[in-house]
Structure formats: structure tokens, C-alpha cells
Amino acid sequence: MSSLSFDVVVVGGGAAGCLAAGTAASYGKKVCIIEKNGILAKKVLITGKGRCNVTNNCSDQEFFDNVKTGAKFLHSAISRFSTHDCMEFFESLSVPLKTERGFRVFPVSDKASDIADALKKYTEQNGVAVIHSAVSEICTKNKKASGVKLKNGDFIKSDKIIIATGGKSYPKTGSTGDGYRFAETLGHTVSPIRPALVPLESSDLFCTELTGLSLKNVTLSLVDTADSKVVFSELGEMLFTHFGLSGPLVLSASSHMTGNPSDYYISIDLKPGLSAEKLDARILRDFSSFLNKDISNALFMLLPKSIIPVILEKAGIPKNTKVNSITKEMRAALVFAIKNFKVKITSFRPIEEAIITSGGVELKEIDPKTMESKLVKGIYFAGEVLNADAYTGGFNLQIAFSTGFAAGTAAGAKTICVKERYGMKSVAIDGPAGAGKSVLSKRAAQELGFIYVDTGALYRAVGLYMIEKGIDTKNSFDVANALSEITVDMKYIDGKQTVLLNGEDVGGKLRTPEVSMAASNVSAIPKVRTFLFDMQRSIAKKENVIMDGRDIGTVVLPDADLKIFLTASPEERARRRYLELLQNGSTTDYETVLSEVKLRDYNDSHRPIAPLKKADDAIVIDTTDLNLEQSFELLLSTIKNTLKIY
């Protein structure tokens, strides 16, 4: 029995494992991958039908919207290695990418092998060793990682072990569930394993008759039989097979099924572009050319030939019925059958045929920033072995890459993230209107040498553009369409920010009442918020920042180094506002101001989009009984003490 020693050992050489190993080694660590297959990234080679849907060209928020399990847990990992970071990563390894329908990203070559080769290249560039062997045991001592034992009896010593063994789908690629066994042996909880993104079996005999029929541009709906509620509906492609249904739409639908698959049925609209009335008119037009023919021979211009007998049976129309004898009621039944083609579901196909595995190592037992076990020091998990999964579109591979990057960074570096690696810190300050967030945040940023990111100014810039173009800021459709015409940037000169709208400094135009109202309107539009989220997060990655708003700690910077909820009682905030108005010559009374403050609080906390909410881990600073100077000193000391700034 021989023994080797490495700083970091990665068990599993798939997407997550390769990225974790290369990243850990980039810090100068001695790293090895233990992979039981003869090649690295074997499963990557078959993803996307051999094309590899490597990620999705979307914003962070759109990514989280497509995560089925573990969205909150993944915030940290995605903030450090986003979908756009992923694209830059592969293009830096000489793999040009393209974006297709649904913002799915593929290599321009349409070859998954280019992605697999890039991952291998990344490990080689950073000097990662590869041992092709199966692992029999993850070894620990005193609740700390100590090494791994191979099937041949060899022992590899390491105090940092990343488990990236994949799930149980496609076992021929090496995903045989080893990671779940390792995790349970280490004391971790593994949630029930089930197939996800998997074909569906049906007891309907017509599926066998229709084997090989591919349908494009149809709408597939997944319906819960208990209450007839549609739980998923999407336009796309699908395929009939000898066992039931497969194809992109079916795989997506399977991820929305909880419990027993037989509790659902599939409804297919074969002509989603036509309403029932227009479809009836189309059928009448076709019938006019075939009045003396059997109906089975009169629908070939509308439907694939093989599905016509099934449609007629569902509509209750004998296939030898003459077209000239078809009644209005029969046509209505035919229209219904075409737009509501029902398929019974009995079960998932075996997990071996699933694209990914749902379930895995419970996330509450893993540190979301580092992917390190909370139970055993030096043990990390990445990729499909975790209880995190998403819908189709490149999101699951992104989870593998982001968690692999997080684990590799944590295991390889003394610090835990790219941002901290360069000394960058972020402070998220939320709170109700009138609490003094902007005044105190700006002053604290100036005192600390941080950048103050005025998020309100970004929305004001968008609002200003809409005003200048004559676009109604309450019309979400028109506003969203105009976003492609806008570039909003922040330029910092001596630590002071300047807002650039399409290259023009508009700082002097942003504080008018009209622009304020426009900013309030556009900030409630989801696409505007998504448009600006990425820019805000990008700044936080590159600069030491203090950012204030309503949802900075909960949505924009959920992984901020420090979250503060700055507040004061409604009465105190109304008093401050009342005195300010008096100084400006207003004749309003205090009770009116208090009512306005309370109404604003209610509206802000009940907004359907980005409501005011305290982050669970935020520090509350209540300035009700403090003057401005005392409030500033308390805020500054909180930041300094928490971030250890001396």
C-alpha cells in the first residue's frame, strides 16, 4: 500500500470537480483529482445532446428564478461566479460561445468536447494531478478531513477534500451515487434521491403507435389531476416514444412534478398559434377541398399523418366519416382534441435516464460561502451531489461550475472569495424612508474611503431617459422595450460618483420632482430592476462599497459582508421631515406628515416587487433617540467593528 500527500484532493473529475481543482491549484496548492473514469468530464460530453448547454446568458435574478431547489443557498456562489463569469471563463480558454433561444449558451462549434477539453486544459494549466481510480472511503480524524482511501488500498493524505462525484443519473459516466454514501458516512443527511429532467412513462397505447413522432411549436401543459391546476406550461418541442414522452418540454415538465407522477397528466395544444375559433375556420377551409373524402384523409395539411387516427378517436369521430357529413358539434370535438391532447402519466423513467438527480446532501449542513461541511472540517461538496437543482436551460451546469468555484476558492485560498482576495468589502444598508440612510451612508463611505453606490440615482437615470423620450413610466411594456437603448454607468473621480446615461453626465438632472416620480414608477418594473441588478453587483465585486436602499441586503447583495437595517420610529421620522419642511417654508402640519410616513411605510413593505424587508442576518440600528452625529458614530463603529477596520 502506497501513500501520497496533497494540499487538496478532489473526488470526481466532472464539471464541478475540474473547476474546483483548477481553482484551488491556481492559488499555488498541490491538488489532485481522483476520477474513476479513464477521462475527465465524461458526462459533459453527452450534455445538450452532445452540444453542451454550458450556461444561460441571463441576469442573476433570472438565474435564481429558474432554480427549483436551493436558490437562497446559491446566492453566494453565483455572486462569485455568475453566468457571465462562466462565459468569460470558457472564452478565456479559447472556446467561443453563442446564445440561442431561451438565452441558452452553447459553444459555437456545437461540440460538447470543446467544453470538456477546456476544463481539462484548466486543470493542466494549473498543474493538477489526476489519479484514475475509485475511492472506497473518505477518512477523517477528530472531525477533520485526513485523506482518502482508494479501492486498491492506497491512501492519499489531505486535510482538504472536495466531494464532486455527481448524482445517480447516467451511471455509465461514473455518476453512481458514491457521494451520497460518503456524505452519510461523514454524518450528513441526504434527502431522498429522485430523477429530475427525466422522460415520462404513459399507459396510453397510442404513445407506442406514435413512437418517433417529434412535435415542434406545441404548448405542453402539466396538470394536477386533484384540482385541474396547470403547474407548468411552455411552448417548444417534444417526442413520442415507445414508453411515453420525451424531449425538452417533457424534461422541463418533469421537474415540476412533486410526489407521484401518476397524480398528473399532460395536455398538448398542437396548434397554440390558433384560437379555437380560428382553428375551426381553418378546418372548414381545409374541408372545402375534401367534401367527399373520409375525414382521415382530410387533415393531412393540418396535422402529422400518424397522429390523425388518434385525434379522431379522441374526438369520437369514426375515421371513415365523410367530410360532408361532419356536424358543427363534431368539429367542436375535433378542435378540442387538437388543442387538448391528453396523455396519462404513470411514472418517471428510471433515474439512470434522468439528465440530473434531485435531492442530495442537505444544504443546511453546508456553508453556502465555502461549500465546506458544517460537520467535518476540511470536507467540501460541489455540484450535483448537493440538494440543489434547476430547470433546463444551462442552469444545472452553472450550479456545478459556481459551487465548484466556491469550493476550490475556499480550499485553495486563505480567504474565502474572490472579492476578499483583493480586500474588497461590501456593506448593504436597508431601512424605511426618512431613516437617514443616504446621508449616513454617504458620510460613512467618505470616512472609510469606500464608494457610495447611490442606487436611487440609477433608477433616476432610467426614469430621466423615459421622460426625455416621452415614454409613460407606468407602462411596463414600453419601458422594458426601451431598456435596450440605455447604458447607465458610474464613473468615480476621487471617490465621488458621477452617473452617466448613454455617456452623458446627468448628475445635475436627477433631483427634480418629475424625475423622482419617474424613478419610483420604473423601480417597480421587474425588468428594470433586473437590468440594474447586475451593474450594482458588478460594482460590489470590484470596489469597497456602501449601498443603501430597500432590498439591498435581501436581493441585490444577499452575500454582503455586512448587512444593516437602519430605522427609527414613524413618529421620529415624521418629526424630522416636519422640521425640514418648516425650514423650507411649508405650512403643512405634523399629523399630515406622520400619516404620509406611515402610508409610505405600508406601501414600501407591501410592494409586490422588492418590498422593504430586513435581512435575517442584518444588524438593526435604531436612531429614534439619537441625533445625527450620534447616529453616524454608531453606524461607523458598527461597520469598523464588524469588518475589523482599524
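A few remarks follow.
- Among the residues of segment 36-56, none is identified as touching a Cys at 6+ places or on another chain (Cβ under 6 Å) and open to solvent by 70 Å² or more (accessible area, probe 1.4 Å).
- When each of 187, 179 is tested for being open to solvent by less than 60 Å² (accessible area, probe 1.4 Å) and at positive phi, the lone residue that passes is 187.
So that you can scan it fast, the table gives a plain yes or no per residue for (1) among the aliphatic types (A, V, I, L, M); (2) in contact with a helix residue (DSSP H, G or I) (Cβ under 8 Å, 6 or more places away or on another chain):
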position	(1), (2)
552	yes, yes
558	no, yes
565	no, yes
573	no, yes
587	no, no
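- Qualifying position, being without any contact (Cβ under 8 Å) to a residue 24 or more places away in the chain and touching a Lys or Arg at 6+ places or on another chain (Cβ under 9 Å), among 354, 333: 333
- Residue among 601, 548, 559 that is in contact (Cβ under 8 Å) with a residue 60 or more places away in the chain, in a loop (DSSP other than H, G, I, E, B) and among the charged types (D, E, K, R): 559
- Candidates in segment 506-526 are the residues that are at pLDDT 85 or above and not in a loop (DSSP other than H, G, I, E, B); of these, the one that is surrounded by the fewest Cβ atoms within 10 Å (Cβ to Cβ) is 514.
- Members of segment 361-401 that are touching a strand residue (DSSP E or B) at 6+ places or on another chain (Cβ under 7 Å), farther than 30 Å from residue 203 by Cα and of a type in the set (Gly, Ala, Ser): 373, 378, 382, 388, 394
- Under the condition of being open to solvent by less than 10 Å² (accessible area, probe 1.4 Å) and within 10 Å of residue 613 (Cα to Cα), the residues counted in segment 539-553 number 3.
- Residue in segment 603-646 that is nearest to residue 544 (Cα to Cα), counting only those that are loosely packed, with under 11 Cβ neighbours inside 10 Å and of a type in the set (Ser, Thr, Tyr): 646
- For residue 601, the criteria (1) of a type in the set (D, E, K, R); (2) closer than 30 Å to residue 483 by Cβ; (3) within 25 Å of the chain's Cα centre (by Cα) hold in every case but one, which is (3).
- Taking segment 277-322 as the range and being over 40 Å from the mean Cα position of the chain (by Cα) and of a type in the set (Ser, Thr, Tyr) as the test, the residues that pass are 288, 289, 296, 321.
- When residues in segment 36-78 are screened for being under 16 Å from residue 382 (Cβ atoms) and either small (Gly, Ala, Ser) or assigned to a loop (DSSP other than H, G, I, E, B) (or both), 5 of them pass.
- Checked against (1) surrounded by fewer than 23 Cβ atoms within 10 Å (Cβ to Cβ); (2) assigned to a strand (DSSP E or B); (3) modelled with pLDDT under 85, residue 453 passes all but condition (1).
- Residue 51 meets each of the listed conditions (1) within 27 Å of residue 179 (Cα to Cα); (2) out of contact with any strand residue (DSSP E or B) (no Cβ under 6 Å at 6 or more places or on another chain) apart from (2).
A quick yes/no check of all residues on (1) within 18 Å of residue 341 (Cβ to Cβ); (2) in contact with a helix residue (DSSP H, G or I) (Cβ under 8 Å, 6 or more places away or on another chain); (3) modelled with pLDDT of 95 or more:
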residue: 234; (1), (2), (3): yes, yes, no
residue: 237; (1), (2), (3): yes, yes, no
residue: 248; (1), (2), (3): yes, no, no
residue: 265; (1), (2), (3): yes, no, yes
residue: 268; (1), (2), (3): yes, no, yes
residue: 274; (1), (2), (3): yes, yes, yes
residue: 289; (1), (2), (3): no, no, no
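- The residues of segment 558-579 that are open to solvent by less than 20 Å² (accessible area, probe 1.4 Å), of a type in the set (Gly, Ala, Ser) and either over 24 Å from residue 75 (Cβ atoms) or at pLDDT 95 or above (or both), listed by number, are 568, 574.
- Flag set for residue 339, criterion: in contact with a strand residue (DSSP E or B) (Cβ under 6 Å, 6 or more places away or on another chain) and either of a type in the set (Val, Ile, Thr) or modelled with pLDDT of 95 or more (or both).
- Residue list for segment 1-25, filter: polar (S, T, N, Q), assigned to a loop (DSSP other than H, G, I, E, B) and in contact with a Ser or Thr (Cβ under 9 Å, 6 or more places away or on another chain): none
- Any hit, segment 81-93, residues being among the β-branched types (Val, Ile, Thr), under 28 Å from residue 354 (Cα atoms) and open to solvent by less than 10 Å² (accessible area, probe 1.4 Å): yes
- Residue pairs meeting the criteria (Cβ under 9 Å; at least 6 apart or on separate chains; first within 15 Å of residue 287 (Cβ to Cβ), in segment 300-311; second open to solvent by 50 Å² or more (accessible area, probe 1.4 Å) and not in a helix (DSSP H, G or I)): 301/289; 302/271; 303/271; 308/300; 308/319
The values are calculated or read from the model by the stated rules, or taken from the named source; none is laboratory data. Since the model is a prediction, treat every value here as computed from it, not as a measurement. Positions of Cβ are generated from backbone atoms using ideal geometry, with glycine treated the same way; all protein chains shown enter the neighbour counts. Just the protein is used for accessible areas: all its heavy atoms, side chains included, with ligands, DNA and RNA removed. Shrake-Rupley method; radii C 1.70, N 1.55, O 1.52, S 1.80 Å.
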